[in-house]
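For reference, the structure is listed below as structure tokens.
The values are calculated or read from the model by the stated rules, or taken from the named source; none is laboratory data. A quick note: this is a predicted structure, and the numbers were derived from the prediction, not measured. Cβ coordinates were reconstructed from backbone atoms using ideal geometry, including for glycine residues, and neighbour counts include every protein chain displayed.
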Number of protein chains: 2
Amino acid sequence: MKPEAYQVWSGSVLSQVEQALDAWVPVDSPAELGEAMRYGVLDGGKRLRALLVMAAAEATGALALPAGHDAALRGACAVELIHAYSLVHDDLPCMDNDVLRRGKPTVHVRYGEARAMLAGDAMQALAFEVLTPDVAAAGEGATVMPAVQARLCRLLAQAAGQAGMAGGQAIDLASVGTVLDEHALRHMHSLKTGALLRASVQMGAACGSLAPATPAWQALTDYAEAMGLAFQIVDDVLDATQPSDTLGKTAGKDADANKPTYVSLLGLDGARAEAARLLDDALSALVASGLDTAACAPLRALAERIVHRDH
Amino acid sequence: MKPEAYQVWSGSVLSQVEQALDAWVPVDSPAELGEAMRYGVLDGGKRLRALLVMAAAEATGALALPAGHDAALRGACAVELIHAYSLVHDDLPCMDNDVLRRGKPTVHVRYGEARAMLAGDAMQALAFEVLTPDVAAAGEGATVMPAVQARLCRLLAQAAGQAGMAGGQAIDLASVGTVLDEHALRHMHSLKTGALLRASVQMGAACGSLAPATPAWQALTDYAEAMGLAFQIVDDVLDATQPSDTLGKTAGKDADANKPTYVSLLGLDGARAEAARLLDDALSALVASGLDTAACAPLRALAERIVHRDH
């Protein structure tokens with residue numbers, strides 16, 4: 001995919017996701033709760049998870065099915081809501097106690113701790129509400145099939161919970177000041193960030209008719225696991241090499257907090273080499289998937305951008 | 001329903017719910033997260049919401065349908081997981097800062113603030129995971145239809161989020177030290193506790209074939225709204241009249257925190273009279289529902305117990 005084509009594709013996805021989130025995250029909500037939710041999720045971040053959902057939906061032909069695009073857009077927004085809520089909670093004083101996120105004061109700095117926690121809670125609930133539009137209320141237009149709704153909820157709930165993101169955060173917390181080896185560090189990240197990235201790809205695929213037991217599903221999962229790990233390694237490299245104003249968050253925090261990172265384990269060069277190896281793995285998995293090569297272009301472009309980004 | 005019959009019915013439901021939660025809330029989870037989740041949800045509380053789900057499923061004939069009992073039991077456990085997570089978060093220092101719950105130290109006192117917050121987050125995710133069992137993986141036995149799964153997720157997500165429980169908690173927080181009138185207090189409670197109680201009844205009914213637009217659905221919703229309000233009024237009466245050791249939580253906290261209560265607004269006698277009036281409304285709604293009178297016996301018994309309880 002040429003850079004211009006990627007810009008057109010990703011620009012279109014990002015604009016759809018921002019519009020949909022703007023419509024679904026409430027303006028008028030009790031006691032500024034909606035404002036805190038919107039502050040936490042709108043106009044923020046690279047939307048990598050949303051892009052993965054839409055790219056996987058495109059790769060598997062899901063977007064051509066009735067209501068396939070609606071399902072994928074809902075999946076993309078739901079994953080972003082889960083990711084955004086996890087950042088809001090992660091930034092709280094009882095967790096990482098971070099005051100800067102995406103170049104702005106964090107939600108609890110702006111809205112107070114209690115409201116930030118409730119906003120995160122409500123964002124998680126909203127993710128599942130977005131995934132389950134009322135078929136009866138939708139009227140004439142095609143709407144997301146209940147079987148797809150249930151499948152998306154299952155994938156997202158598993159990825160967000162104790163065996164996924166929340167479990168990874170718990171390990172991360174418990175690991176402060178301890179020495180994790182590479183195996184333990186990989187396990188932590190495979191839950192903390194990997195599970196939701198994997199779910200993003202699987203949710204996109206689940207918007208179509210691709211079944212979990214198929215080789216193509218497994219190949220997409222391999223792609224997603226390689227990218228999840230590469231994403232974290234590159235994160236650690238950037239954290240060690242870039243200033244805070246480029247990252248939009250406080251740089252060097254993990255090293256300062258004595259948390260293990262891939263850079264502290266593998267060194268800068270070793271970490272970069274591992275990321276390059278994982279990119280090869282991800283691209284090979286797409287070839288092995290047997291999915292249409294042209295339709296996989298956005299997934300390929302995303303993999304390259306995950307590894308070669310500078311913030 | 002005679003007291004002995006109610007004991008048999010509720011004893012059976014409670015034992016099924018405890019067993020199911022014990023099976024679904026993980027023992028082995030990263031970094032004690034599962035232990036904190038189990039501490040927060042097992043062996044706890046009156047399970048009023050679970051009882052309402054099962055009673056509504058019985059009233060609407062849902063339990064006689066294939067997989068209807070499985071759907072209702074999942075709904076009952078999911079609602080209890082949401083309720084339990086909300087208590088874990090509500091007890092945190094940045095919220096109510098409570099150290100005692102159901103006669104035990106609260107989750108953050110036992111497991112630390114960060115792990116308590118993560119356990120709550122993971123309990124919310126688990127609720128939606130419990131509601132969406134994998135049809136393909138279930139093999140031979142009947143499993144919950146995807147359409148029912150999606151409907152249960154929708155009802156629960158709406159009730160838990162910004163227009164329900166989380167929104168009510170936000171209003172509650174913002175109202176400390178202010179003077180709410182009866183209308184504003186009712187609105188706060190209709191979100192904070194009412195939404196999840198209403199969802200409990202609706203989820204039980206949604207396990208069968210009762211459609212939202214029907215008079216019976218509306219009558220059950222009227223029942224649930226009357227009971228939700230009565231529940232809170234009785235809570236305030238007990239908070240003002242019973243010692244902490246009977247309640248299993250710190251009594252008189254709301255009054256001490258200068259929060260408005262029904263007792264402060266209506267007086268003790270006025271609050272008791274209002275609860276009695278709401279019980280009449282709830283029982284009348286069941287008659288008006290047109291549902292089988294015998295099948296409604298558990299819903300009637302629950303209404304009476306909600307109003308006449310002493311803790």
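Structure notes:
- Boolean, A:Leu65 is within 30 Å of A:Asp292 (Cβ to Cβ), in contact with a Gly (Cβ under 8 Å, 6 or more places away or on another chain) and crowded, with 22+ Cβ neighbours inside 10 Å: no
- When A:Leu152 is tested against (1) touching a Gly at 6+ places or on another chain (Cβ under 6 Å); (2) facing another protein chain (nearest Cβ under 7 Å), only condition (2) is not met.
Each row is one residue, and each column tells you yes or no for (1) over 15 Å from B:Gln16 (Cβ atoms); (2) touching a helix residue (DSSP H, G or I) at 6+ places or on another chain (Cβ under 9 Å); (3) not aromatic (Phe, Trp, Tyr).
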residue: B:Ala50; (1), (2), (3): no, yes, yes
residue: B:Val53; (1), (2), (3): no, yes, yes
residue: B:Pro66; (1), (2), (3): yes, no, yes
residue: B:Val88; (1), (2), (3): yes, yes, yes
residue: B:Gly112; (1), (2), (3): yes, yes, yes
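- Among all positions in region B:107-121, there is at least one residue which is hydroxyl-bearing (Ser, Thr, Tyr), closer than 19 Å to B:Asp90 by Cα and more than 16 Å from the chain's Cα centre (by Cα).
- Qualifying residues in region B:13-37 (those that are farther than 11 Å from B:Cys77 by Cα and of a type outside the set (A, V, I, L, M, F, W, C)) - the one farthest from the other protein chains (Cβ to nearest Cβ): B:Ser15
- Number of residues in region A:198-239 that are in contact with a Leu (Cβ under 8 Å, 6 or more places away or on another chain), of a type in the set (Val, Ile, Thr) and without any contact (Cβ under 8 Å) to a residue 40 or more places away in the chain equals 1.
- Of the helices (runs of 4 or more DSSP H) entirely within region B:38-124, those holding at least 3 residues that are under 21 Å from B:Asp28 (Cα atoms) and within 13 Å of another protein chain (Cβ to nearest Cβ) occupy B:68-90, B:107-111.
- Residue match in region A:211-221 (condition: assigned to a helix (DSSP H, G or I), at pLDDT 90 or above, over 17 Å from A:Val79 (Cα atoms) and not hydrophobic (A, V, I, L, M, F, W, C)): yes
- Subset of region B:155-171 that is at the interface with chain A (Cβ under 7 Å from one of its Cβ atoms) and assigned to a loop (DSSP other than H, G, I, E, B) - its residue that is nearest to B:His83 (Cα to Cα): B:Gly161
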